[in-house]
Amino acid sequence: RKKTAILISGRGSNMSALLRAAADADFPAEIVAVISDNADAPGLKAAEAAGVPAIAVPRADFTDRASHEAAMEAELAEREAELICLAGFMRLLSAGFVARREGRILNIHPSLLPLFPGLHTHARAIEAGMRVHGCTVHFVTPQMDAGPIIAQAAVPVLPGDTADALAGRVLQVEHRLYPLALALVASGRARMENGRTMLSDAVEIGWGE
Ligand code: GAR
């Protein structure tokens, strides 16, 4: 099983979905650590309750990004993490950090990329008059929300939707999509090559409904 660390900043509901999936011994990834850049992140408590090492590396404890990243790197090295899942980690990683781990960092983003990179995706999708919206799991590259797509899921935008209502509908599918995408990468069925995602022939993406 591929040793995987999850980086969070807050609630950690996607983290919990990954922990639940990885609790199955047949899941191809094992979660070796949860690291938060925010000591008060509720997700840290949930990770602890699940029996996974939950480590706070608060950005506020460091003078600059380089020393903060170095502290996170030390934790990752100690746990021998091979893969990293960003799950509501609201901080941009340096190009160097990302380049050293090409094809080994995943992120979940609450829109159908390349539409709506950045923040406030649900409000922006409603404002744009979208009839569908969704989420994307992609490989992380130095440019924010722009790496090769691994998997996506779509939901309808319903008349009268608020950003919160739409966010809740998207979150439901995030929790199913992220474990699926991590399994594809951890098992080697999806990999990043020359800036693209290569899927092995046998891959059928879907959750079988
Ligand atoms: C999720 O909706 C995730 O897609 C989004 O933040 C939320 C975190 O929720 N990520 C981003 O916006 C990344 N730029 P969670 O902490 O409950 O998983």
Among the residues of the stretch 79-93, is there at least one that is within 16 Å of the ligand (Cβ to nearest atom), farther than 11 Å from ILE6 by Cβ and either open to solvent by less than 30 Å² (accessible area, probe 1.4 Å) or more than 15 Å from the chain's Cα centre (by Cα) (or both)?
yes
Which of the residues belonging to the stretch 103-119 are within 12 Å of the ligand (Cβ to nearest atom), out of contact with any helix residue (DSSP H, G or I) (no Cβ under 9 Å at 6 or more places or on another chain) and in contact (Cβ under 8 Å) with a residue 12 or more places away in the chain?
ASN107, LEU113, PRO117
When you scan the stretch 1-33, how many residues do you find that are surrounded by 21 or more Cβ atoms within 10 Å (Cβ to Cβ) and away from the ligand (no atom under 11 Å from the Cβ)?
8
Near pairs, Cβ below 7 angstrom, 6+ apart or cross-chain, from the stretch 134-149 (closer than 19 Å to GLU174 by Cβ) to any residue that is among the aromatic types (Phe, Trp, Tyr)
VAL137/TYR178; GLY147/PHE139; PRO148/PHE139
What strands (runs of 3 or more DSSP E) lie completely within the stretch 103-209 and have 3 or more residues being open to solvent by less than 50 Å² (accessible area, probe 1.4 Å)?
105-109, 132-139, 149-156
For the stretch 38-59, how many residues meet the condition of being over 17 Å from GLU78 (Cα atoms) and in contact (Cβ under 8 Å) with a residue 24 or more places away in the chain?
9
Which pairs do you get when a residue that is at positive phi and in contact (Cβ under 8 Å) with a residue 40 or more places away in the chain, found in the stretch 10-35, comes within reach of a residue that is near the ligand (Cβ under 9 Å from one of its atoms) and in a helix (DSSP H, G or I), reach meaning Cβ atoms under 9 angstrom, with the pair 6+ apart or on two chains?
GLY12/PRO42; GLY12/GLY43
Any hit, the stretch 183-201, residues being in contact (Cβ under 8 Å) with a residue 12 or more places away in the chain and within 14 Å of the ligand (Cβ to nearest atom):
no
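The values are calculated or read from the model by the stated rules, or taken from the named source; none is laboratory data. In this text, all values refer to a predicted model and were calculated from it rather than measured experimentally. Cβ: placed from backbone, ideal geometry, glycine included. Neighbour counts: every protein chain shown. Quick note on the areas: whole protein, heavy atoms, side chains included, nothing else; ligands and nucleic acids left out. Shrake-Rupley method; radii C 1.70, N 1.55, O 1.52, S 1.80 Å.
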